[in-house]
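Some notes on the structure that comes next.
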Amino acid sequence: MFRVVIPARYASLRLPGKVLLEIAGKPMIQWVYERACASGAQEVLIATDDLLIVSAAHSFGARTIMTAPTHRSGTDRIAEVARAQGWAESDIVVNVQGDEPLIPAALIDQVALLLESNPGAQIATLATPIASLAEFMDPNAVKVVADGEGRALYFSRAPIPWDRDGATAGVVSQKSFAGARRHVGIYGYRVGGLRRLAALEPSPLEQQERLEQLRALENGLEIRVADSVEPPGPDVNTAADLERVGALLRR
């Protein structure tokens, strides 16, 4: 059994108010909520600090939790919800981001099951094979490397693993991306691990790469990674993303 929390904030540097923008007749957050409800979650909550989001969520029957406006990340917001709801340390909660209107319900179930089946892990997440050299070199496509048992070793915006022999003339000569995996931004947490992570200060690697999951690794929290059972679908960060996702949903 697991729960889903969708952290949703109104402010967005590249696309203000994006979770309320309409896609194919519905606000984006409704698409995300419906995907989460189609999973095996026992409960789905939207966590926000904005009354506009609360009003929109109530219009399509979602349950909301008001949280502090000072949170640095969705992780911190979900940790507040876990404390307020009194969830047990062993409970599992899945973070489904509010800008993922095409997230398959199967991936929500998968990440929860991955954590449940690995009792030594505090966090679980997913990955998918890198599809092109351009994606491999793109710093906005976060790469992940794991050990043979599926424990995350590192996440980076840099192209990893790097084929040294395939780039004898430096970065511009790299032609290989074999074995590279892109991180899919969905997380399952044990509540105890979530609370510990939220209580920690940002770590040096996290600040350098701007990747919160590195805080977990730097502090010894085990993250399990598996390849997603379905393609994750594009998220929405820009107006162009919004148009592309809208076309897919209208189709």
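I'd like to know if region 172-182 contains one or more residues that are buried (at least 18 other Cβ atoms within 10 Å of the Cβ), under 27 Å from VAL4 (Cα atoms) and not hydroxyl-bearing (Ser, Thr, Tyr). Yes: region 172-182 contains one or more residues that are buried (at least 18 other Cβ atoms within 10 Å of the Cβ), under 27 Å from VAL4 (Cα atoms) and not hydroxyl-bearing (Ser, Thr, Tyr).
Per-residue answers, yes or no, for (1) in contact with a helix residue (DSSP H, G or I) (Cβ under 8 Å, 6 or more places away or on another chain); (2) crowded, with 19+ Cβ neighbours inside 10 Å:
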site: SER73; (1), (2): no, no
site: ARG77; (1), (2): no, yes
site: ARG83; (1), (2): yes, no
site: GLU89; (1), (2): yes, no
site: VAL94; (1), (2): yes, yes
site: ASP99; (1), (2): yes, yes
site: LEU102; (1), (2): yes, no
site: ALA106; (1), (2): no, no
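In region 164-178, is there at least one residue being within 30 Å of SER90 (Cβ to Cβ) and outside any loop (DSSP other than H, G, I, E, B)? Within region 164-178, not a single residue is within 30 Å of SER90 (Cβ to Cβ) and outside any loop (DSSP other than H, G, I, E, B). Within region 147-158, residues that are of a type outside the set (A, V, I, L, M) reach partners that are surrounded by fewer than 13 Cβ atoms within 10 Å (Cβ to Cβ) with beta carbons closer than 8 Å, at six or more positions or on different chains, in the pairs ARG157/PRO139; ARG157/ASN140; ARG157/ARG210. Filtered by the rule that a residue be more than 15 Å from ALA124 (Cα to Cα) and assigned to a helix (DSSP H, G or I), region 205-223 gives LEU205, GLU206, GLN207, GLN208, GLU209, GLU218. Checked against the criteria, VAL32 counts as touching a residue at least 60 places away in the same chain (Cβ under 8 Å), within 30 Å of GLN207 (Cα to Cα) and either touching a Ser or Thr at 6+ places or on another chain (Cβ under 7 Å) or part of a helix (DSSP H, G or I) (or both). Filter region 108-144 for residues that are open to solvent by less than 40 Å² (accessible area, probe 1.4 Å) and either part of a strand (DSSP E or B) or on the phi > 0 side of the Ramachandran plot (or both) and give the result. Passing the criteria: ILE123, ALA124, THR125, LEU126, ALA127, THR128, LYS143, VAL144.
Within region 198-231, track down each residue that is closer than 23 Å to PRO101 by Cβ and charged (D, E, K, R). Listed by number, the residues that qualify are GLU212, ASP227, GLU230. Checked against (1) assigned to a helix (DSSP H, G or I); (2) open to solvent by 30 Å² or more (accessible area, probe 1.4 Å); (3) modelled with pLDDT of 95 or more; (4) closer than 22 Å to ASP99 by Cβ, ARG195 passes all but condition (4). Taking each residue of region 12-23 that is exposed (fewer than 11 other Cβ atoms within 10 Å of the Cβ) and looking for partners that are of a type in the set (Ser, Thr, Tyr) with beta-carbon atoms closer than 6 Å, six or more apart or interchain, yields ARG14/THR238. Taken over region 235-251, residues that are in a loop (DSSP other than H, G, I, E, B), within 17 Å of VAL19 (Cβ to Cβ) and open to solvent by 40 Å² or more (accessible area, probe 1.4 Å) amount to 2.
The values are calculated or read from the model by the stated rules, or taken from the named source; none is laboratory data. Predicted, not measured: the structure shown is a model, and the values here were computed from it. All Cβ positions, even for glycine, are placed from backbone atoms using ideal geometry, and neighbour counts span all protein chains on display. Note: accessible area is taken over every heavy atom of the protein model, side chains too, but ligands, DNA and RNA are not part of it. Shrake-Rupley method; radii C 1.70, N 1.55, O 1.52, S 1.80 Å.
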